[in-house]
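Heads up: the structure comes next, in structure tokens.
The values are calculated or read from the model by the stated rules, or taken from the named source; none is laboratory data. All values reported here derive from a predicted model rather than from experimental measurement. Every residue, glycine as well, gets a Cβ built from its backbone with ideal geometry; the counts of neighbours run over all protein chains shown.
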Amino acid sequence: MKKILVFMLSLLIASSAFGAKITAVKTNIAEEGFQMQIVVEALKALGHDVEVTNGVDYAVAFKTIAQEKKNLAFMASDWTPLHDRMIEAVGLKNLFIGGDYIENCAQGYLVDKKTAEKYNIKYINDLKDPKIAKLFDINGNGKADLAGCAPGWGCEKVIEHQLDSFGLRDTVTHNQGQYAAIITNSIARYNAGKPIVYYTWTPYWVSGKLVPGKDVVFLQVKESAHPVLKSTKLPNGADYGFAANSQRIVANVEVQNHKDIAKLFSIMKLSVNDVSGQNMLMSKGENKEEDIIRHAKMWIKSNQALFDGWIKAAKAAK
């Protein structure tokens with residue numbers, strides 16, 4: 001019996017030394033790779049083995065994580081409340097939700113400042129006027145061409161809901177598809193002096209090229225209309241049609257067997273401005289996988305005390 005106990009103890013020590021096998025589920029938004037890589041580096045610093053998947057849609061990512069029963073799996077970009085219905089679809093009981101990793105993530109509609117001021121455009125509802133909508137017509141059909149949200153991201157459902165709620169179907173076309181290509185076209189139109197209307201979010205590089213308040217302005221909504229939330233009004237009374245989001249680290253329940261990882265996922269914090277800054281580097285051509293890994297390691301080096309504090313706290317929890 002004593003030999004068996006010694007053998008079992010040696011197995012526990014060995015398994016602890018080798019660490020857990022973890023799958024990092026990467027989304028198909030390349031600009032979310034930076035925040036994921038910082039989590040990967042932290043897990044490696046704790047002694048765990050991490051494998052990164054190819055990029056997948058959010059819905060696939062949630063399903064993959066929830067159904068993983070053997071190893072630990074996580075995603076570093078659960079937007080709340082935007083993705084709350086996706087979590088409901090796979091079952092909250094099948095997931096571990098970390099703390100607010102990236103806070104104050106804004107979303108909304110914007111138009112170029114020159115056109116907004118000239119025609120007194122303040123609300124997305126103003127595009128219900130055919131004369132206003134025609135200002136943003138690209139293909140000659142008389143309807144405003146809104147550079148919108150890619151299918152599967154969650155934001156497209158909010159936009160579609162609001163087009164119906166605000167009676168904008170007859171005057172606005174929601175252009176969906178590969179977002180980077182659509183928004184690049186909008187930026188080119190802006191640079192040519194043409195009116196633009198588009199959806200975007202932060203953290204992202206677009207607001208570094210088209211600066212809100214300087215180049216473009218956010219549009220508000222005249223009343224909240226959201227497929228999930230009763231109100232999208234902010235504490236200051238402004239209403240941009242989208243709630244301020246936080247991005248969280250979400251994992252399968254297997255994380256509960258690894259207290260160091262659960263602690264890490266609960267305490268990590270990343271500035272929305274740091275993510276936007278890295279995204280800007282990507283927009284300038286530093287967008288390969290090795291670039292993103294290098295950016296993450298550079299961030300860690302510049303924030304070494306903060307990073308080391310995460311690792312210390314996680315080890316203490318174990």
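Scanning the stretch 63-79 for residues that are touching a helix residue (DSSP H, G or I) at 6+ places or on another chain (Cβ under 6 Å), more than 8 Å from Asn252 (Cα to Cα) and not charged (D, E, K, R) yields Met75, Ala76, Ser77. Residue selection: Asn104 satisfies the criterion of being in a strand (DSSP E or B), surrounded by fewer than 22 Cβ atoms within 10 Å (Cβ to Cβ) and touching a residue at least 40 places away in the same chain (Cβ under 8 Å).
Close Cβ contacts (under 7 Å, 6 or more residues apart or on different chains) running from residues in the stretch 269-290 that are assigned by TED's automatic domain parsing to the domain that holds Ser302 and over 21 Å from Ala244 (Cα atoms) to residues that are among the acidic types (Asp, Glu) and surrounded by 12 or more Cβ atoms within 10 Å (Cβ to Cβ) comprise Met282/Glu31.
Phe96 meets the conditions (1) in the same structural domain as Val60 (by TED's automatic domain parsing); (2) under 20 Å from the mean Cα position of the chain (by Cα); (3) over 18 Å from Ala244 (Cα atoms); (4) part of a helix (DSSP H, G or I) in every case but one. The failed one is (4).
The set of residues in the stretch 227-256 that are in contact (Cβ under 8 Å) with a residue 12 or more places away in the chain and surrounded by fewer than 19 Cβ atoms within 10 Å (Cβ to Cβ) comprises Pro227, Val228, Leu229, Ala238, Ala244, Ser246, Val253, Gln256. Contact annotation: residue pairs with Cβ atoms under 9 Å, 6 or more positions apart or on different chains, pairing a residue in the stretch 296-317 that is exposed (fewer than 12 other Cβ atoms within 10 Å of the Cβ) with a partner that is modelled with pLDDT of 95 or more and of a type in the set (Lys, Arg), are Ala316/Lys263. For Ala144, state whether it is crowded, with 22+ Cβ neighbours inside 10 Å and farther than 27 Å from Pro203 by Cα. So Ala144 fails the test. All of (1) surrounded by fewer than 19 Cβ atoms within 10 Å (Cβ to Cβ); (2) farther than 25 Å from Lys288 by Cβ; (3) touching a strand residue (DSSP E or B) at 6+ places or on another chain (Cβ under 8 Å) hold for Thr53 with one exception: (2).
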